[in-house]
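First comes the structure, then the notes that go with it.
The values are calculated or read from the model by the stated rules, or taken from the named source; none is laboratory data. Predicted model, so just to flag it, every value in this text is computed and none were measured. No Cβ is skipped: glycine too gets one built from the backbone with ideal geometry, and neighbour counts run over all protein chains shown. Surface areas here come from the heavy atoms of the whole protein model, side chains and all, with no ligands, DNA or RNA. Shrake-Rupley method; radii C 1.70, N 1.55, O 1.52, S 1.80 Å.
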Amino acid sequence: MTRGRAGCVAALLALVLVWSGCGDTYRPVAIPITPPPPDPSSFHFALVISGNGTSNPGASSRIDVSGDTNVAVTRVGLGPVHVALTPGGGRVYVANSLEDTISTYTPSNFTSVTTVSLPAGSFPVFLATTQTDTVYAANFGNHSVSAIATLNNVITATIQVGVNPVALAETPDGTKLYAVNQGDGTVTAINTVDKSVHQTIPTGATPVWAVARSDSHRVYVLNSGSGTVSAIDTFSDTVVGTASVGAGANYMVYAQGLNRLYVINPTTNTLSALDVSTDSLNVLFSAPVPAGAISVAALPDGSRVYVESVVVGGGNATSQVTVLNTSDGSVRKTIPLTTVPAICDPASTRFELFTAASADSSRVYVGNCDAGNTAIIRTTPNDSPTDPQPPDTLVLNLPAPVSAAPPPGPGQQPPPQNPVFVLAGP
């Protein structure tokens, strides 16, 4: 009995030792499963369109807002001049003016580009959409607007408008599209449901730009020749208000948060702020800005506006950014950009400098045609102990993609392409 009990105890101890020694082997192991990466189109980004001469394809560059890096370059067509995004930033469309085409791709697959061919002589100069199913192209050359279905990228309608359309504005609700006809001083109102022309609206001499109010009830047209802004009632398609901003005004942006227009005038060197909550279009302030003002961006948070200026002299182009407070138009800061040889012809380059603010108000981007780069301005302070920076600091001049031009010397890199337009993503 004693020997039997001793044998059982010994066997039990042996089992305990085996179990304790092998426990790590048989213990459950959790293997992490890596989730699929998020869609890059959901990140904050900016698109920069750059030209590459008259006989070489241009490029569309995507800049990551948080990283201040060029994360993707897409080859587009000849003479790219404008870009549009479908709502949510799911698809990119680029107008190629020198080959009568539209290039389109998704931000998540930037190497796969579809080309939409327009009729010869179209000369597309502007794209717009607030719809998910249709993008519109303004064709300066044949006085028309092309409707392109985003499902298969096929032209579904060609709409004849006024002479030389140069800009488009679609209401946020997607029911009306307005074509700005520079050649005859009119705006064509288009019903987006059946693609019919609803009305032709005289606005003033040389209309050049248009924006829609966030409630879709008004569209505002800037008339450079007559120096006015026209407010169009989108229900009746009639002009219901005007404001004077001075002859020569050539660009404006709509600030949704404050319900304002900011209008640049390089002839009078002023920035005008208009209250558009009523049809009286009251001028809140008209602030002096440096000579050569050419574009303006407003932070979505409503705090500041950024005016880009370029002065050409002695063969050089000198550019800078002036930061103004939206409360009264007072100058907050001046940021020098570059002094470089002037190589972009203002007669053929609509925007020698063009700017846009990121959706999160943390960056302002300035595409600099002459310098071949995009200036990135950090609008928020950087509290890093190793590199502290105050708000509104130029953090980087990001070079455009390399051009097809010959290098300046043996062993050197070819010059960069020339940025002509910037668009902030969602």
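Around T134, what is the net charge, scoring Lys/Arg as +1 and Asp/Glu as -1 over all other residues with Cβ under 14 Å from its Cβ?
Residues near T134 contribute -1 overall.
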Checklist outcome for this item: Taking a crude spin-label model, label points 7 Å out from Cα along the C-beta direction, the T393 to N152 distance in nm is 5.4
Checklist outcome for this item: Length gained if V197 through S55 is fully extended, taking 0.36 nm per residue and subtracting the Cα-Cα distance, is 47.5 nm
Next on the checklist: Using only the alpha-carbon atoms, how far is helix 2-26 inclined from the longest principal axis of the chain? Give it as 0 to 90 degrees, nearest 10.
Outcome noted: 20
Next on the checklist: Taking amide H atoms as placed 1.01 Å from N in the peptide plane, list the residues 5 or more away in sequence, or in a different chain, whose amide H sits under 5 Å from that of R91.
Outcome noted: T86
Item to check | Long-range amide H partners of K333 with built H, under 5 Å | outcome: V323
Checklist entry - Taking a probe of 1.4 angstrom, what is the accessible area of C344 in Å², to the nearest 10? => result 20
Checklist entry - Based on Cβ point charges of +1 for Lys and Arg and -1 for Asp and Glu, what charge dipole magnitude is obtained for the chain about its Cα centre, in debye rounded to the nearest 20? => result 1120
Checklist outcome for this item: For N316, placing the label point 7 angstrom along Cα-to-beta-carbon and taking region 364-380, residues whose amide nitrogen sits under 16 Å are 370-372
Item to check | Mean accessible surface per residue for region 145-244, computed with a 1.4 Å probe while every protein chain stays in place, in Å² | outcome: 35
Checklist entry - If amide H atoms are built 1.01 Å from N in the plane of the peptide, which residues on other chains or at least 5 residues away come under 5 Å of the amide H of N164? => result H143, G183
Checklist entry - What does the accessible area per residue of region 279-426 come to in Å², with a 1.4 Å probe and no ligands, DNA or RNA counted? => result 42
Checklist outcome for this item: So, over other residues within a Cβ distance under 11 Å of T192, counting Lys, Arg +1 and Asp, Glu -1, the net charge is -2
Checklist entry - Which length gain, in nm to one decimal place, applies between S277 and N325 when the Cα-Cα distance is subtracted from 0.36 nm times their residue separation? => result 15.3 nm
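Under the rule a/c < 1.5 gives rounded, and otherwise a/b versus b/c splits prolate from oblate, where does region 114-215 land using the Cα gyration tensor?
It is oblate, given that a/c is not under 1.5 and a/b is not larger than b/c.
Enter the accessible area per residue of region 71-134 (Å², integer; probe 1.4 Å; all protein chains in place). Spell out each step's value before the answer.
On the way: 2280 Å² over 64 residues.
Result: 36 Å² of accessible area for each residue.
Got a number for carbon plus sulfur as a percent of the chain's accessible area, 1.4 Å probe?
Answer for the chain is 58 percent, counting heavy atoms of protein chains only.
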Checklist entry - How far is the Cα center of region 347-387 from the Cα center of region 205-220, in Å? => result 25
Checklist outcome for this item: S348 and D64 label points (each 7 Å along its Cα→Cβ direction) are spaced in nm at 3.6
Item to check | Per-peptide average of other Cβ atoms within 10 Å, ordering 180-187, 157-164 highest first | outcome: 180-187, 157-164
Checklist entry - With θ set to phi - 60° and the Karplus curve 6.51 cos²θ - 1.76 cosθ + 1.60, what are the ³J(HN,Hα) couplings of region 190-199 in order, to the nearest whole Hz, using x for Gly and Pro? => result 10, 7, 6, 6, 10, 6, 9, 7, 8, 6
Next on the checklist: Taking the Cα of D215, stepping 7 Å toward and past its beta carbon, and measuring to each backbone N in region 256-278: which are under 18 Å?
Outcome noted: 256-261, 274-278
Item to check | Hz values of 3J(HN,Hα) by residue in region 184-189 - Karplus curve (6.51, -1.76, 1.60), Gly and Pro given as x | outcome: 10, x, 10, 10, 9, 8
Checklist outcome for this item: Along region 121-134, Karplus-curve 3J(HN,Hα) (6.51, -1.76, 1.60; θ = phi - 60°) to the nearest Hz, with x for Gly and Pro, reads x, 5, 6, x, 10, 7, 10, 7, 6, 10, 10, 8, 9, 9
Next on the checklist: Is the C-alpha gyration tensor of region 180-268 telling us rounded, prolate or oblate? Criteria: a/c under 1.5 is rounded; beyond that, a/b larger than b/c is prolate, otherwise oblate.
Outcome noted: oblate
